[in-house]
Amino acid sequence: MTNRITLGNIWFDKRGRGYLLQLLVLFCVAIFLAVITSNTIANLQRAGLTSGFGFLGDQAFFDINQRLIDYTSQSSFGRALIVGLLNTVLVSSLGILTATLIGFIAGVLRLSNNWLISRLITSYVEVTRNVPLLLQIIFWWAILTSLPKVRESISIFGVSFINNRGLRAPSPNFEDPFIWVCFAIVVCLLLTLALYVWSGRRQKLTGETFPIPLAGLFLLVITPLVVFYSLGQPINWDIPTRTRFNFRGGFNITPELLALWIALATYTGAFISEIVRAGILSVSTGQSEAALSLGLRKNQTMRLIIIPQALRVIIPPLTSQYLNLTKNSSLAIAIGYQDLVSIGGTILNQSGHALEVVGIWMFVYLSLSLATSAFMNWYNKRISLVER
Amino acid sequence: MKRFSLLIAAMTLISGVASAGTLDDVKKRGALQCGINTGLAGFAYTDDNGKWAGFDVAYCRALASAVLGNPDKVKYVNLTGKNRFPALASGEIDVLSRNTTWTFSRDVKLGFTFVGVSYYDGQGFIGRKKLGVKSAKELDGASICIQTGTTTELNLADFFRVNKIKYEPVPIETNEEARKAYLAERCDVYTTDASGLAATKSTFADADKHMVFPEIISKEPLGPLVRQGDDAWADIARWTLNALINAEEYGVTSGNIDKMLKGTKNPEINRMLGTEGSLGEMLGLQKDWAVKALKAGGNYGEIFDRYLGEKTPLGLSRGLNALWNNGGVLYAPPMR
Ligand SMILES: N[C@@H](CCC(=O)N[C@@H](CS)C(=O)NCC(=O)O)C(=O)O
C-alpha cells in the first residue's frame, strides 16, 4: 500500500523526498551546463575565435604516413580525422585480438602443473602488469628502432624485409578470377557450418562424434587452394624493392604500429590472463572430476566443461579490459603513431578549434566504448542463457 | 602527460581567464608566465645550475625585468609545438617565446598578436654526409622526421607536392624525440628551422658526420606572441623586444649602461633609458623599464652572441639577423 503524495506531505514522504532531491540535482546540473556553455561562447567571442564544425571541410595541408584510406595533404581536416580514427580502430582491434589470445593461453598455462611454465607465466604477468604502459610502449619502440638499418635489412627469402623502419612484405594485387577463390571460401564456410550443426544433432541423437576440425581444415584450406591453383594463381605480388633510401612497393608495418600493438597486447594480455585464471578456478573441481570419471579426456574436459562455465565469470571483466585497451591506445602520441588523438592534436593546433576537437575526441571514445560494451553485453547474455 | 595538458588547456578556456588586464595579472601574481621550448640547445635549455637559459629564455627574463623589476620572476612553462597555442589561448601563459613562426593564420585566425621578429629563420634539412645528398629535391622516397603542429610540417608537405616527389613523414612531438629518431636512423633526414638544426647538430657526438643542406625552403620569422585583445600588454611585449634591438643599434650594452644613465648626447638613448621624456609611463611601467630589461641579459647582440653566436657550439652567424645598417634586416622602430 502506498500513500498518495501531495504537495503538503511531499517532504515527509520517503519516495516524494527522493523525487524532489533528484529533481533538485537535475536542476543544478542543468544550470551548471548552461553557465559553462554561455561562458564559453562569451569567452570565444571575446578572443575573436569562431566556433562550429565548418572547419572540418578546410584543407589539412599536412601529410600522414599511415593511412587506411586515400589521403593527401590536399584532403580535408575531416578526412584526416577519419584516417586517425581508422588507425585507432586498427591498433585497438589488433590489440584486443592478440591480448585475448595471449590472455587465454597464459591464463591456462599458469595453472599448469609444470613448475617452470607456471613460474615463467607468473613473472610475465607480474612484470607487465606493474610497469607503466607508457614505458613499455617506449621500450618496444626503442627495441624496434634499434633493429638493423635499411642498408643491413634482414631479408626473408628476398621478398620481405625487416629493419628499423618496420616490416615490409609483398602486398597482393588480386586479378579478376580471384573472385572465384573468394566464392569457394564462402561456400566452404557455409558447408562447414552446416556440417557442424548436423554433427551436433547427430551426436545428441546417437552419441557418435564427427571429426569437425579435420573436415573443416579440408574444406576451408584445401578446396580454395585447389581452386586457386586451377585458375592459374590469379594473384600478382607487389614485391618490395630497394631504393636509395628505403624500400618501395609492398606494404609496410611501421615500428610505431608494431610497438604500440605489442605493448598493448602484452600489457592487457597479462590482465586478461588473471581474469581467465580466476574464471577457471571459479569452476568447482567437482566438475572436472566428474567429467574425467565420465571418460572425457583432459583437453575435452577443459574445452567442453570448464571453459564454457568459466566464460560466464570471464566475460564481464574482459569487457572492461577491452575498453581500457582502446582508451590506452591514445598513448600512441608518445611514439608518433598517428591515431585519433595525435592527428586531432595537429588539427587543433593548425586550425585553433580546440573545443570542437576535444568534443570530437570525447564523442568518438565514448561511441567506441559503448559499441564494445554493447557487443560484449550481447555475447554475455547469449552465453549465460545456456545456464541450467 | 601531453594529451591531458591539451585537455586542461581547453577546459580553462571554458572557465574563462581571458581577462583584459594581463599587466595587472602579472603584477598581482608577482611572476611572468612565459611559454618556452621543451628543450633546444641555445634557445631554451637548463644551465649548470638547473636554471632555464637561452635566446628565447633571455626574452622572458628581459620582459619580466621590465615589468616586475626582477629577471628571475618568471614561471617557465615548457610547451611542445602542439600544445603551445592552447596554452597561450587559455591564459596558462602570458607570452609565448618558443621558436614560433609569425604566419597569417596564427595572427588572424588563432587570435594571437605577434609582437615582432626576434630571429629571421628558414626551414632546412639535416642529413648524414654518407647519404651523398646535396639538395632536398633528391630526397624522393626518403623517411623524414618532422615535428607535428608546426609550420615546418606544412612546408614539407607543400615542398614535396610541388616537386612531385614522395616521402614518408615520421611525425614527432618534441625536438628531443626527433633527435633520438634521427640518430637511430628511423628517418634519413630531419627538417625544421635552420637555427633548430644547428642547435640539434651541436649536441651530436659525431657532428662532423652530418650536414645541414644549404637549401632553405621557407621563410620562418620567429618571434614572441601574446593573446589578441590586450593591446596594452602587446605594446609592452613589443617595445621590450624593440628596446633590446635599438640598444644594440645605439651601442648601449650591459657594460656601459650605468655610465650612459648619467646622460648622453643622444636624446634617443636618453628617452629609452628614461632620463628624458616619459616612455615608461606611457607603457604603464616604471621610468627605467628599458634599463631593467637591458640589465637582465644585455642588448640583442649580446644575447645573440652569448647563446647562438659564432663562439657558441651552435656557431650561427648573424646573417639576416644583423642590424639593418650592418647588412641584415633587423630594424626596430624609433623610441620616440
Ligand atoms: N617555427 C616553426 C617550428 C617551431 C619548432 O617547433 N621548432 C623546433 C625545432 S627548431 C623546436 O623548437 N623544438 C623544441 C621542442 O620540441 O620543444 C613553427 O613555429 O611552427
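Values in this text are rule-based calculations from the coordinates and carry no lab data. Bear in mind the structure is a predicted one, so any value in this text is a computation, not a measurement. All Cβ positions, glycine included, derive from the backbone under ideal geometry; neighbour counts span all protein chains shown.
From B:Thr113, B:Thr103, grab the single residue that is near the ligand (Cβ under 10 Å from one of its atoms) and either among the β-branched types (Val, Ile, Thr) or over 19 Å from B:Ala234 (Cα atoms) (or both).
B:Thr103
Failed condition for B:Arg61, given (1) more than 12 Å from the ligand (Cβ to nearest atom); (2) within 22 Å of A:Phe62 (Cα to Cα); (3) among the charged types (D, E, K, R), with all others met?
Among (1) more than 12 Å from the ligand (Cβ to nearest atom); (2) within 22 Å of A:Phe62 (Cα to Cα); (3) among the charged types (D, E, K, R), B:Arg61 violates only (2).
Take region B:126-151 and flag every residue that is at the interface with another protein chain (Cβ under 10 Å from one of its Cβ atoms) and among the β-branched types (Val, Ile, Thr).
B:Val133, B:Ile144, B:Ile146, B:Thr148, B:Thr150, B:Thr151
At least 1 residues that are within 9 Å of the ligand (Cβ to nearest atom) in each: list the strands (runs of 3 or more DSSP E) lying fully within region B:164-234 that qualify.
Hits in region B:164-234: B:167-172, B:189-193, B:220-222.
Can we say A:Arg165 is in contact (Cβ under 8 Å) with a residue 24 or more places away in the chain, surrounded by 14 or more Cβ atoms within 10 Å (Cβ to Cβ), among the charged types (D, E, K, R) and under 26 Å from B:Ile144 (Cα atoms)?
Considered against the rule, which asks whether it is in contact (Cβ under 8 Å) with a residue 24 or more places away in the chain, surrounded by 14 or more Cβ atoms within 10 Å (Cβ to Cβ), among the charged types (D, E, K, R) and under 26 Å from B:Ile144 (Cα atoms), A:Arg165 comes out as yes.
Which of the residues belonging to region A:349-365 are in contact (Cβ under 8 Å) with a residue 60 or more places away in the chain and more than 9 Å from every other protein chain (Cβ to nearest Cβ)?
Correct list: A:His353, A:Glu356, A:Ile360, A:Val364.
Suppose we keep only residues that are loosely packed, with under 14 Cβ neighbours inside 10 Å and farther than 25 Å from B:Pro171 by Cα within region A:49-77. Which one would you say is farthest from the other protein chains (Cβ to nearest Cβ)?
A:Phe53
Quick check on region A:80-116: of everything there that is in contact with a helix residue (DSSP H, G or I) (Cβ under 7 Å, 6 or more places away or on another chain) and not in a helix (DSSP H, G or I), which residue is surrounded by the fewest Cβ atoms within 10 Å (Cβ to Cβ)?
Selected residue: A:Ser112.
Being more than 10 Å from every other protein chain (Cβ to nearest Cβ) and of a type outside the set (Val, Ile, Thr): is that true of A:Ala80 here?
In short, yes.
Only one of these is without any contact (Cβ under 8 Å) to a residue 12 or more places away in the chain and not basic (Lys, Arg): B:Ala184, B:Ala198, B:Ala142. Name it.
Sole residue among the options that is without any contact (Cβ under 8 Å) to a residue 12 or more places away in the chain and not basic (Lys, Arg): B:Ala184.
Testing B:Gly149 on (1) more than 12 Å from the ligand (Cβ to nearest atom); (2) touching a Ser or Thr at 6+ places or on another chain (Cβ under 8 Å); (3) within 30 Å of B:Leu23 (Cα to Cα); (4) not hydrophobic (A, V, I, L, M, F, W, C), one condition comes back false. Which one is that?
Checking B:Gly149 against (1) more than 12 Å from the ligand (Cβ to nearest atom); (2) touching a Ser or Thr at 6+ places or on another chain (Cβ under 8 Å); (3) within 30 Å of B:Leu23 (Cα to Cα); (4) not hydrophobic (A, V, I, L, M, F, W, C), the one that fails is (1).
Looking at B:Ser65, is it out of contact with any strand residue (DSSP E or B) (no Cβ under 6 Å at 6 or more places or on another chain), within 30 Å of B:Ala332 (Cβ to Cβ) and within 14 Å of another protein chain (Cβ to nearest Cβ)?
For B:Ser65, the condition - out of contact with any strand residue (DSSP E or B) (no Cβ under 6 Å at 6 or more places or on another chain), within 30 Å of B:Ala332 (Cβ to Cβ) and within 14 Å of another protein chain (Cβ to nearest Cβ) - is not met.
I want to confirm something. Restricting to region A:335-388 and keeping residues that are over 18 Å from A:Phe55 (Cα atoms) and among the aromatic types (Phe, Trp, Tyr), which single residue is surrounded by the fewest Cβ atoms within 10 Å (Cβ to Cβ)?
The qualifying residue surrounded by the fewest Cβ atoms within 10 Å (Cβ to Cβ) is A:Trp378.
Residue pairs, Cβ under 8 Å, 6 or more apart or interchain, first in region A:218-241 and more than 21 Å from A:Leu167 (Cβ to Cβ), second of a type in the set (Ser, Thr, Tyr). List them.
A:Leu219/A:Thr192; A:Leu220/A:Thr192
Within region A:141-174, can you find the residues that are away from chain B (no Cβ under 14 Å) and in a loop (DSSP other than H, G, I, E, B)?
Hits for region A:141-174 are A:Phe157, A:Gly158, A:Val159, A:Pro170.
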